[in-house]
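All remarks here apply to the structure that follows.
The values are calculated or read from the model by the stated rules, or taken from the named source; none is laboratory data. This one's a predicted model, so the numbers in the text were calculated from it and none came from an experiment. With ideal geometry, Cβ positions are generated from the backbone for all residues, glycine too; neighbour counts draw on all protein chains shown.
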């Protein structure tokens with residue numbers, strides 16, 4: 001398990017699938033996570049089986065908080081690696097709507113980045129976000145991500161064409177407690 005200030009990241013388990021399926025019944029949640037089609041419980045169970053069999057190339061965690069004496073699953077985070085010699089990964093996060101705007105996503109993002117850079121030895125983490133997801137973009141910027149590429153009108157969402165933004169952070173740009181490295185201009 002990985003511990004942040006407000007969240008704990010733990011391995012995903014088969015019993016997490018019904019909770020996650022409930023999240024994907026919320027259309028806005030589903031669309032912001034890149035899914036425009038309804039998800040069946042069986043498809044979410046298969047997804048959780050895939051993620052819970054994490055390997056070197058794909059590391060996933062459930063985001064939990066302590067609530068009422070129990071650990072409550074409120075989201076998932078994922079690092080998907082490419083070739084090991086490139087020392088990079090793609091990042092994804094989804095937090096249940098009831099926990100938006102409370103700092104849990106930011107804490108989970110910082111926790112997984114600390115793991116990525118300090119434990120996995122990664123050099124770079126990147127992500128993609130749709131332009132109208134301002135909440136996610138603010139979270140990523142607070143954690144040190146910078147916009148790198150804007151794919152104009154690359155996604156069709158809520159009946160309109162939207163830009164898809166690629167953001168990235170390098171290990172040396174990741175702000176650590178008591179030690180913040182200033183970003184350079186040399187990408």
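Can you tell me how many residues within the stretch 117-138 are crowded, with 17+ Cβ neighbours inside 10 Å and free of Cβ contacts under 8 Å to residues at least 40 places away in the same chain?
3
Taking interchain pairs and intrachain pairs at least six residues apart, which have beta carbon atoms under 8 angstrom, with the first residue in the stretch 87-112 and touching a residue at least 24 places away in the same chain (Cβ under 8 Å) and at positive phi and the second in a helix (DSSP H, G or I) and surrounded by fewer than 17 Cβ atoms within 10 Å (Cβ to Cβ)?
101/135
So which residues in the stretch 12-36 are outside any helix (DSSP H, G or I) and either over 16 Å from the mean Cα position of the chain (by Cα) or closer than 13 Å to residue 76 by Cα (or both), if there are any at all? Give the steps one after another, and end with the answer.
Just the residues of the stretch 12-36 that are outside any helix (DSSP H, G or I), to begin with: 12-13, 24-26, 33-36.
Listed by number, the residues that qualify are 12, 13, 24, 25, 26, 33, 36.
Among the numbered criteria (1) touching a strand residue (DSSP E or B) at 6+ places or on another chain (Cβ under 7 Å); (2) more than 21 Å from residue 6 (Cα to Cα), which single criterion is violated by residue 121?
The failed condition is (1).
In the list 147, 171, 96, which residue meets the criterion of being crowded, with 18+ Cβ neighbours inside 10 Å and in contact with a helix residue (DSSP H, G or I) (Cβ under 9 Å, 6 or more places away or on another chain)? Give the steps one after another, and end with the answer.
Numbers: 147 fails: crowded, with 18+ Cβ neighbours inside 10 Å; 171 fails: crowded, with 18+ Cβ neighbours inside 10 Å.
Checking each option against the conditions leaves just 96.
Take the conditions within 14 Å of residue 13 (Cα to Cα), more than 17 Å from the chain's Cα centre (by Cα) and at pLDDT 85 or above and apply them to residue 46. Does it pass? Quick ask: steps written out before the conclusion?
Values: within 14 Å of residue 13 (Cα to Cα): yes; more than 17 Å from the chain's Cα centre (by Cα): yes; at pLDDT 85 or above: yes.
Against the criterion (within 14 Å of residue 13 (Cα to Cα), more than 17 Å from the chain's Cα centre (by Cα) and at pLDDT 85 or above), residue 46 qualifies.
Can you give me the ranges of the strands (runs of 3 or more DSSP E) entirely in the stretch 53-172 with at least 1 residues that are closer than 26 Å to residue 13 by Cα?
Working: elements: 58-67, 70-81, 88-95, 124-130, 146-157, 160-170.
Counting at least 1 such residues, we get 58-67, 70-81, 88-95, 124-130.
Give the number of residues within the stretch 1-21 that are farther than 21 Å from residue 109 by Cβ and either surrounded by 14 or more Cβ atoms within 10 Å (Cβ to Cβ) or in contact (Cβ under 8 Å) with a residue 60 or more places away in the chain (or both). Walk me through how you get there before you give the answer.
First, pick out the residues of the stretch 1-21 that are farther than 21 Å from residue 109 by Cβ: 13-15, 17-18, 21.
Then drop every residue that is not either surrounded by 14 or more Cβ atoms within 10 Å (Cβ to Cβ) or in contact (Cβ under 8 Å) with a residue 60 or more places away in the chain (or both), which leaves 17, 21.
Residues in the stretch 1-21 being farther than 21 Å from residue 109 by Cβ and either surrounded by 14 or more Cβ atoms within 10 Å (Cβ to Cβ) or in contact (Cβ under 8 Å) with a residue 60 or more places away in the chain (or both): 2 in total.
Would you please name the residue that is surrounded by the fewest Cβ atoms within 10 Å (Cβ to Cβ), looking only at residues in the stretch 150-167 that are touching a residue at least 40 places away in the same chain (Cβ under 8 Å) and within 21 Å of residue 27 (Cβ to Cβ)? Explain how you work it out, then say what you get.
To start, the set of residues in the stretch 150-167 that are touching a residue at least 40 places away in the same chain (Cβ under 8 Å) comprises 157-158, 166-167.
Of the ones still in play, those that are also within 21 Å of residue 27 (Cβ to Cβ) are 157-158.
Details: 157: 16, 158: 11.
Residue satisfying both the conditions and the ranking: 158.
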